[in-house]
1. So, in the range 23-48, how many residues would count as being modelled with pLDDT under 80 and either among the aliphatic types (A, V, I, L, M) or within 24 Å of residue 62 (Cα to Cα) (or both)?
2. Within the set of pairs 6 or more residues apart or between chains, which connect a residue that is without any contact (Cβ under 8 Å) to a residue 24 or more places away in the chain inside the range 46-59 to a residue that is basic (Lys, Arg) and open to solvent by 30 Å² or more (accessible area, probe 1.4 Å) with Cβ atoms less than 8 Å apart?
3. If you check 34, 46, which single one turns out to be over 17 Å from residue 17 (Cβ atoms) and of a type in the set (A, V, I, L, M, F, W, C)?
4. Which of the residues belonging to the range 17-45 are without any contact (Cβ under 8 Å) to a residue 24 or more places away in the chain and under 18 Å from the mean Cα position of the chain (by Cα)?
5. Considering the range 57-70 alone, what residues qualify as being over 15 Å from the mean Cα position of the chain (by Cα), surrounded by 14 or more Cβ atoms within 10 Å (Cβ to Cβ) and within 11 Å of residue 17 (Cβ to Cβ)?
6. Scan the range 71-94 for residues that are at pLDDT 85 or above and not in a loop (DSSP other than H, G, I, E, B) and jot them down.
7. Tally time: how many residues in the range 15-56 are open to solvent by less than 30 Å² (accessible area, probe 1.4 Å), assigned to a helix (DSSP H, G or I) and of a type in the set (A, V, I, L, M)?
8. Here are some conditions: (1) among the hydrophobic types (A, V, I, L, M, F, W, C); (2) over 18 Å from the mean Cα position of the chain (by Cα); (3) loosely packed, with under 12 Cβ neighbours inside 10 Å; (4) at pLDDT below 80. Residue 103 meets all but one. Which one does it not meet?
Amino acid sequence: KDAFGVASICRCSQPLVGVANKRSADDEALLRAIGETNPIGDTLHILDCRPKLNAEVNQVKGKGYEHASNYAATRLTFMNIENIHAMRSSLKAFLAVLKKQAAAGETSMPELEKSGWL
């Protein structure tokens, strides 16, 4: 939950819809319940970090992604992050720079650009 507002971030894995576009009543109920906790908005935003093409390829493998038409009051957005493992390495580099700079009491961060976060 957002300490300054009413937003929350909930993480889940991809639904196993496959090419037959199967549905999961439990998954739909969970997302409906999450959406109902929002006192100021009517739409639940589903953010899939993958590119849509990757999600579609996973669907052929029996996995997939949420189809907004199966979920009331939702909006699905793909964030187009190509490689989450590269993001993790980049985050580690970013945090290492911050830690090093803070320990040295430095206010400028020339190494920050090297982390891949700018």
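1. The qualifying residues number 1.
2. Listed by first residue and then by second, the contacts come to nothing, as the list is empty.
3. 34
4. 30
5. Within the range 57-70, 58, 59, 63, 67, 70 qualify.
6. 74, 75, 76, 77, 78, 92
7. The total comes to 2.
8. If we test residue 103 against (1) among the hydrophobic types (A, V, I, L, M, F, W, C); (2) over 18 Å from the mean Cα position of the chain (by Cα); (3) loosely packed, with under 12 Cβ neighbours inside 10 Å; (4) at pLDDT below 80, just (4) comes out false.
The values are calculated or read from the model by the stated rules, or taken from the named source; none is laboratory data. What you are looking at is a predicted structure, and each value in this text was computed from that prediction instead of being measured. Ideal geometry is used to build each Cβ from the backbone, glycine not excepted, and the neighbour counts take in all protein chains shown. Quick note on the areas: whole protein, heavy atoms, side chains included, nothing else; ligands and nucleic acids left out. Shrake-Rupley method; radii C 1.70, N 1.55, O 1.52, S 1.80 Å.
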